Amino acid sequence: MKFLCVDCDRQMLFEERQLPGDGTLAAAFRCPQCGRAVGLLTNPMETQLVASLGVKIGGTTIDPQPLETVRGMVTTGRDEAFAEGTGDGGRGTSVTWSVEAQERLARVPNFVRGMVKKIYADYARDRGLAEITPAVMDTARSELGLEGM
Amino acid sequence: MPLNIRTYHELTEPDRSGLPGQIAAQRRRVAARLAGVGRVVALMSGKGGVGKSFATAGLARALARGGWAAGVLDADFNGPTIPALLRIPVTGCTLHENGVEPPVSPEGVRCFSMALLLQDGRPLGFRGPEAESHVWRETLEAAALREFLADVAWGALDRLLVDLPPGIQRFQELAELLPAPPAVLTVTIPTTESRDAVRRAMQFARERGAELLGVVENMVDGPFTGDAGEALAREFGVPLLARIPWHPTQDVWDEVARRMEGVA
Ligand SMILES: Nc1ncnc2c1ncn2[C@@H]1O[C@H](COP(=O)(O)OP(=O)(O)OP(=O)(O)O)[C@@H](O)[C@H]1O
Ligand SMILES: [Mg+2]
Ligand SMILES: [Zn+2]
């Protein structure tokens, strides 16, 4: 999937992704010449199909977690499927979670919680953030393309 | 005047989105993980219920007894039976930075299966819009196969057996994911119906460049009659590796393993 600014005959470049949380996706592409931006909006089925391929429109900056698609998409997984999935997760120094962020994390099914926790913790550390808040989680979701986490 | 729109392939500027690049990276992860695997062997039949999973487990255990490092990837995500057949208890899988540790059978067979991940008795369910699930469900199962290949810490293995569900779809997905097509071992029962279904599967595998290692005929001592094993082996010019009776002993599997490995 590519976008061409026909007037300028230039390939438009991915700029930003948004996940409104209703199963749809929005991605913005901009023409490097005239600056015009277009939005790509995918419906839930299209969004799902892309996610099923394990790819992210707009790419991502992090390596996939082990079994990322399975853990992120399976709804009938066992709580105890992963022995270390609920551990502290993530490398190095720990970041703190605000109470609201902890509440939100607690609503994530146990099957995938360990992975979600690790991804957010790594994200915060990489950006030098000391505390994870719901706002940080929202930004991370869009930036990393984590629909449904 | 129509607009002058260049074609997809004419647009070659690098773009951060790079979906083809992401797919290529997935393939590289599979190839890297399997670099230590001597050979991937898919057990296939084109017919349900003929004993593919039973044979996969019996053969894997025999390989391990014979000193080969063996693993089994249970690629039947909707009816996974391999952990039970290998007598691997379902407990938590250990996660490391570089992958998931596969549980190991008493004989030393490494295994990964959807049965290790699913709640007891629950079918494999995916998050997503139900209405169009036929569009994306098979794609997700192919993604699961890719992750089972790439994200399980298989380590060095002589043989990675892949227990396929009936049909040819999962074989096709496997062949596309691997750097080279898997070798194929086909399982049939003696009947002509099984012969005809398995023939199609073998033809399909051969057309995709897979090496056919041979045929295993199962349930040979009744109630089924026919000579499907012999007929298919002759037709495809491959060995009839074994004729497996009901409730075979260990020796039967040990013999199959040796014949498959050419050390009989
Ligand atoms: N030779 C045999 N002796 C005793 N039991 C057998 C034998 N072969 C198969 N079975 C049993 O028959 C049943 C069907 O076999 P199995 O599940 O291995 O078939 P399958 O080809 O893998 O089926 P599916 O197409 O559903 O994957 C199982 O309960 C299995 O344990
Ligand atoms: Mg089976
Ligand atoms: Zn332009």
Which one of A:CYS5, A:ALA26, A:LEU49 has its Cα pushed farthest toward the positive end of the charge dipole of the protein assembly as shown, where Lys and Arg give +1 and Asp and Glu give -1 at the Cβ? A:CYS5
Given +1 on the Cβ of Lys and Arg, -1 on the Cβ of Asp and Glu, and no further charges, what dipole in debye does region B:23-123 carry about its Cα centre, rounded to the nearest 20? 360
Using helices alone, I'd like the mean residue ellipticity at 222 nm for chain B: each DSSP H run of four-plus residues gives -39500 (n - 2.57), total over residue count, nearest 500. -11500 deg cm²/dmol
0 to 90° range, to nearest 10: angle between helix B:19-33 axis and chain B longest Cα axis: 30
Cβ-placed point charges (K, R +1; D, E -1), dipole of region B:109-154 about Cα centre in debye, nearest 20: 140
Provide Rg over Rh for chain B; use the alpha carbon set for both Rg and the Kirkwood Rh (inverse mean inverse pair distance). 1.02
Could you estimate the translational diffusion coefficient of the protein assembly as shown from the Stokes-Einstein equation, with Rh from the Kirkwood formula over C-alpha pairs, at 25 °C and 0.890 mPa s, in whole µm²/s? 105
Note: region A:1-59, point scatterers on Cα, Debye, no solvent; log10 I/I(0) at q = 0.23, 0.25, 0.30 Å⁻¹ equals -0.88, -0.97, -1.20
Over region B:39-260, what is the percentage of antiparallel beta bridges among all DSSP beta bridges, to the nearest 5? 10
With a cut-off of 8 Å between alpha carbons and a minimum separation of six or more residues, what is the relative contact order of chain A in percent? 22
For a quick check: with amide H placed at 1.01 Å from N, whose amide H comes under 5 Å from B:GLY214's, ignoring anything fewer than 5 positions away on the same chain? B:THR186
Cα-based helix-to-principal-axis angle, B:52-65 vs chain B, degrees rounded to 10: 80
Between the alpha-carbon centers of region A:108-149 and region B:1-64, tell me the distance in whole angstrom. 29
Compute and list, largest first, the equivalent-ellipsoid semi-axes of region A:60-149 from the alpha carbon gyration tensor, each √(5λ) rounded to a whole angstrom. 20, 14, 13
What number, in percent, do you get for the relative contact order of chain B if the mean sequence gap of Cα pairs under 8 Å and at least 6 apart is divided by its residue count? 25
Mind pulling the angle between the C-alpha long axis of helix B:133-150 and the longest principal axis of chain B? Nearest 10 degrees, somewhere in 0 to 90. 70
Computed over region B:136-230, Cα set: Rg, Dmax in Å: 15.1, 43
Kirkwood Rh and Cα Rg combined as Rg/Rh, region B:178-264: 0.98
Take the alpha carbon atoms of region B:181-231, find their center, do the same for region A:53-72, and report the distance between the two centers in whole angstrom. 38
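No lab work stands behind these numbers, since they all come straight from the coordinates. All values derive from a computational prediction rather than experimental measurement. Ideal geometry is used to build each Cβ from the backbone, glycine not excepted, and the neighbour counts take in all protein chains shown.
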